[in-house]
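Asker: The structure follows.
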Amino acid sequence: MQSTATTIDAYLEEIPKERKDAFTKLRKTILENIPNGFIEQMSYGMIGYVVPHSIYPNGYHCEPKLPLPFIAIASQKNFIALYHMGIYAKPELLNWVVAEYPKHCKQKLDMGKSCIRFKKMDQIPFDLIAELVQKMSAQEWITCYESSFKK
């Protein structure tokens, strides 16, 4: 469910009332913990945290006009999603998330390749997300990205 919102404020206005507090807290958690070098902007119809062209001029290999994506958050039809490209590209980080998640949340981890889905708003492990967001600097992400995805 991709939003057509062109600004973060417009995106936030679209979020259903029953998710608004949790989504706002998730966004705040990311903003307070993301390392320098990433910026927040609308990206792929979601709120994204990207490496801007000023730091990584090559941009995203799929669409070089776009900055390098790293994290995104979205209110999907049945859940809030946290997309983290680092857990897709770096097996050690994925393993850390899988091992740590049960220590922070009673719900079973619902996860795709880069996506963690939260269906119960009161079960979002904000402290774990804060730690996860801090685990990779912009430069570490660029290095990981180039070794994992760029041909």
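FYI, it's all coordinate maths here, none of it is from the lab. Because the structure is predicted, anything quoted here is derived from the model rather than measured. Positions of Cβ are backbone-derived with ideal geometry, glycine not excepted, and every protein chain shown enters the neighbour counts.
Asker: So if I take the alpha carbon set of the chain, get Rg, then get Rh from the Kirkwood formula, what is the Rg over Rh ratio?
Answerer: So for the chain, dividing Rg by the Kirkwood Rh gives 0.94.
Asker: Divide by every residue of the chain the summed helix terms, -39500 (n - 2.57) for each DSSP H run of at least 4, and state the resulting mean residue ellipticity at 222 nm, rounded to the nearest 500 deg cm²/dmol. Mind showing how you got there, number by number?
Answerer: Values: 6 runs with 63 residues, N = 151.
The helix contribution divided over the chain gives -12500 deg cm²/dmol.
Asker: Here's another thing I want to ask about it. If the only charges are +1 at each Lys and Arg Cβ and -1 at each Asp and Glu Cβ, what is the size of the charge dipole of the range 11-70 around the Cα centre, to the nearest 20 debye?
Answerer: 100 debye
Asker: A further question on this structure: Using a simple charge model, +1 on the beta-carbon of Lys and Arg, -1 on the beta-carbon of Asp and Glu, nothing else, what dipole does the chain show about its Cα centre, in debye to the nearest 20?
Answerer: That gives a dipole near 440 debye.
Asker: Also: Would you calculate the separation in nanometres between label points at Lys120 and Asn58, each defined as 7 Å from the Cα along the Cα-to-beta-carbon direction?
Answerer: Once both label points are built, they end up 4.3 nm from each other.
Asker: Just add up the charged neighbours of Ile47: K/R +1, D/E -1, any other residue whose Cβ is under 10 Å from the Cβ of Ile47. Don't skip to the end; give the middle numbers.
Answerer: Working: positive: Arg27; negative: Glu40.
Summing Lys and Arg as +1 and Asp and Glu as -1 gives 0.
Asker: Still on this structure, please answer the following. Working out 0.36 nm times the residue gap between Ala130 and Gln2, then minus their Cα-Cα distance, what length gain in nm do you get to one decimal?
Answerer: Taking Ala130 through Gln2 to full extension adds about 43.6 nm, to one decimal.
Asker: Also, I was wondering about something else. Please tell me the relative contact order of the chain in percent, rounded to the nearest whole number, where contacts are Cα pairs under 8 Å and at least six residues apart.
Answerer: Computed over the chain, the figure is 23 percent.
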